Amino acid sequence: MSVWLLSGAGSAAGVAHWFLVFNVFVLAIVVGVELIGKVPPLLHTPLMSGSNAISGITLVGAILAAVYASWDAKGVLAFLGVTLATINVVGGYAVTDRMLRMFKKGKKEA
Amino acid sequence: MSLIEAYFSEGCYIAAACLFMLSLKWLGSPKTARRANFISMLAMALAVAPSLLPVSKTHGGALVNNLVIILGGMALGTTIGLVSATRVKMTAMPQMVGLYNGFGGAASLIVAAVEFVHKRGELGAGEAVPIFLSVVIGGVCFTGSMAAFCKLQEWISGKPVLFAGQHIMNLVLLLGALGVAVGLCVVPAAGWSLWAFVGLVAIALLLGWLVVIPIGGADMPVVISLMNSYSGMAVTATGFVLRNNVLIVVGCLVGASGIILTRIMCRAMNRSLANVMFGGFGATVEAAGPAGARGPVKEAGVDEAAMVLSEAQSVIVIPGYGMAVAQAQHAVRELAALLEKKGATVRYAIHPVAGRMPGHMNVLLAEANVPYDRLFDLDQINEDFKTTDVALVVGANDVVNPAARADKSSPIYGMPILNADQARSCMVLKRSMNPGFAGIDNELFVAQNTMMVFGDAKATLSKMAAALKEA
């Protein structure tokens, strides 16, 4: 039981908080499915690379991990985490923009 | 954390979550898609900003350490990200996206690992479970994406790599990971727990590689979408580890997008996800296909093909992975421009799984300046083949194989295909008569109204364009 108490799920307030977080989780899935289902096949690659860039938001976690690290194993790991997550974010957005710049509507023939 | 800081962080997170959703909505139309990407960047900045707050409270040596780790890592990551993103060729985009995605998964794994090492002594199950989930999903996402990258880059064979007991081994590994995780939950602070954790990481990494290598190159659109979804789920798990709402929300959005794309890709091949993951599709090439499928091939030279094209009033181009390999998208566009000058209408039919990632062909044609209102999905254009003069197949094979419609014994039976065979005449640009990825003979190639033009697609198209100019 102690493990559950530690995570705050033992009290009524803890349960309420846990369900609040779970609510957010479920709502996010519903909204995500609704929005993404509307993206046309034309834009599936930018959707993929764009959402791929967004998944680099784990950078937030990497920065928080770096806060309590010094130059020990944890520090090296945190440095690696920040670097990889940043590559994911920056590279992902950059390739997405490169692709989206190319999509042009017709009519004026070259 | 002071009250003001709490308001600031939560405010940033709410704004970021809203903007991310708005960005996904705008991504629904090519007119607003570029704006969507910028909004998404802004949202990212808002989400990251509050995590820099705690750094301001550290002083002295710790501050220097933190700044070097965080700013140094971000600077290095930005440089690598920008350079690689600007240098990569459009045809290599599937592996590039796979690579970035793998890095995201690795970062999630690392965050969870640091968290585990940091809190090892006082870890409750409520924290331990998401940590292990983050490690396993992030690890699988990392090495799985790397395997996909190696296949697409052709560092390893694109063919399915199969060995006896493969699935049993994967199952044992997964159960092993579960066992280690449960053990760590029960006695988190035992002396061996760090080594057990290292073992868990190793299992996750091995599992990702082993799960992807039996999957063939043409199934990569599914793998890439699935890995994308995993990276989102890993972020959500990290969000539960850190009790950070923005990570949970955003991870769900990415996870959902990956799952939806995965489903669309599977449906476009009429196969279940399980079949793609475990089927080893394309590994069993039956050299001598069904006898009926072979017949006399009508081979045409470039000049003959150009003549047929010059007579055509309506043309539908069907691009496939072969176009990407030959980098023929610009040549396609040039030929199309000539045909349009002669008064023909040229449209493009895009099969959902053509190429190596979702939407691959759309991106390549956009690169060649083909306007997006000429690109049509399978459902939009399939009825029009009947009234079309020429269906021009450029490096596509299985997606135009009529066996999918008629032959119940065919491995691809039931897969929605583009009805190229219904066009008045069909022209197939191909390097040789080798069967496509699925290893199945294609009746289209021996059909009465089909002419085969052998050779490198780019060279063939350029020669055809030259012949058209002279005519």
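For first residues located in region B:238-249 and assigned to a loop (DSSP other than H, G, I, E, B), partners that are charged (D, E, K, R) and lie 6+ apart or on another chain with Cβ distances below 9 Å form the pairs B:243/B:127. Within region A:30-48, the set of residues being over 22 Å from residue B:220 (Cα atoms) and crowded, with 24+ Cβ neighbours inside 10 Å comprises A:32 only.
Would you call residue B:42 over 26 Å from residue B:133 (Cα atoms), at pLDDT 95 or above and more than 9 Å from chain A (Cβ to nearest Cβ)? Against the criterion (over 26 Å from residue B:133 (Cα atoms), at pLDDT 95 or above and more than 9 Å from chain A (Cβ to nearest Cβ)), residue B:42 qualifies.
Taking region B:252-275 as the range and being of a type in the set (S, T, N, Q) and either under 15 Å from residue B:354 (Cα atoms) or open to solvent by less than 40 Å² (accessible area, probe 1.4 Å) (or both) as the test, the residues that pass are B:257, B:262, B:270. Restricting the first member to region B:186-205 and to residues that are at pLDDT below 75, and the second to residues that are open to solvent by 30 Å² or more (accessible area, probe 1.4 Å) and part of a helix (DSSP H, G or I), the beta-carbon pairs closer than 7 Å and six or more apart or on different chains are B:188/B:120; B:189/B:120; B:189/B:121.
Results for (1) at pLDDT 85 or above; (2) β-branched (Val, Ile, Thr), shown as yes or no for each residue.
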residue	(1), (2)
B:386	yes, no
B:390	yes, yes
B:408	no, no
B:416	yes, no
B:430	yes, no
B:433	no, no
B:439	no, no
B:449	yes, no
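One residue stands out among those in region B:276-292 that are open to solvent by less than 60 Å² (accessible area, probe 1.4 Å) and either farther than 17 Å from residue B:399 by Cβ or assigned to a strand (DSSP E or B) (or both): the one that is modelled with the lowest pLDDT, which is B:289. The single residue among B:191, B:216 that is buried (at least 17 other Cβ atoms within 10 Å of the Cβ) and of a type in the set (Gly, Ala, Ser) turns out to be B:216. Of the strands (runs of 3 or more DSSP E) contained entirely in region B:385-471, those carrying at least 1 residues that are within 28 Å of the chain's Cα centre (by Cα) fall at B:390-394, B:425-430. Checking each residue in region B:16-39 for being open to solvent by 40 Å² or more (accessible area, probe 1.4 Å) and hydrophobic (A, V, I, L, M, F, W, C) picks out B:18, B:21, B:22, B:26, B:38. Residue B:4 meets each of the listed conditions (1) of a type in the set (A, V, I, L, M); (2) touching a residue at least 24 places away in the same chain (Cβ under 8 Å); (3) surrounded by fewer than 23 Cβ atoms within 10 Å (Cβ to Cβ) apart from (2). Residue B:392 meets all of the listed conditions (1) within 24 Å of residue B:228 (Cβ to Cβ); (2) touching a strand residue (DSSP E or B) at 6+ places or on another chain (Cβ under 7 Å) but one, namely (1). Being in contact with a helix residue (DSSP H, G or I) (Cβ under 6 Å, 6 or more places away or on another chain), of a type outside the set (Asp, Glu) and open to solvent by 30 Å² or more (accessible area, probe 1.4 Å) is the filter here, so list the residues in region B:373-400 that pass it. B:386, the sole residue that qualifies. One residue stands out among those in region B:293-306 that are modelled with pLDDT of 80 or more and open to solvent by 30 Å² or more (accessible area, probe 1.4 Å): the one that is farthest from residue B:411 (Cα to Cα), which is B:303. All of B:249, B:223, B:186 fail the test of being within 14 Å of another protein chain (Cβ to nearest Cβ) and surrounded by fewer than 22 Cβ atoms within 10 Å (Cβ to Cβ), apart from B:186.
Tallying residues that are facing chain B (nearest Cβ under 7 Å) and at pLDDT below 85 within region A:39-73 yields 5.
Here residue B:424 clears all of (1) touching a residue at least 40 places away in the same chain (Cβ under 8 Å); (2) open to solvent by 40 Å² or more (accessible area, probe 1.4 Å) except the condition numbered (1). Can residue A:70 be described as of a type in the set (Ser, Thr, Tyr), open to solvent by less than 10 Å² (accessible area, probe 1.4 Å) and under 30 Å from residue B:66 (Cβ atoms)? In short, no. What's the total number of residues in region B:129-177 that are free of Cβ contacts under 8 Å to residues at least 12 places away in the same chain and crowded, with 23+ Cβ neighbours inside 10 Å? Count: 0.
For region B:333-354, the candidate set comprises residues that are more than 9 Å from chain A (Cβ to nearest Cβ) and assigned to a loop (DSSP other than H, G, I, E, B); within that set, the residue that is most open to solvent (accessible area, probe 1.4 Å) is B:342.
The values are calculated or read from the model by the stated rules, or taken from the named source; none is laboratory data. Model, not experiment: these values are computed from the prediction. Cβ coordinates were reconstructed from backbone atoms using ideal geometry, including for glycine residues, and neighbour counts include every protein chain displayed. Heads up: the accessible areas ignore ligands, DNA and RNA and are worked out on the full protein's heavy atoms, side chains in. Shrake-Rupley method; radii C 1.70, N 1.55, O 1.52, S 1.80 Å.
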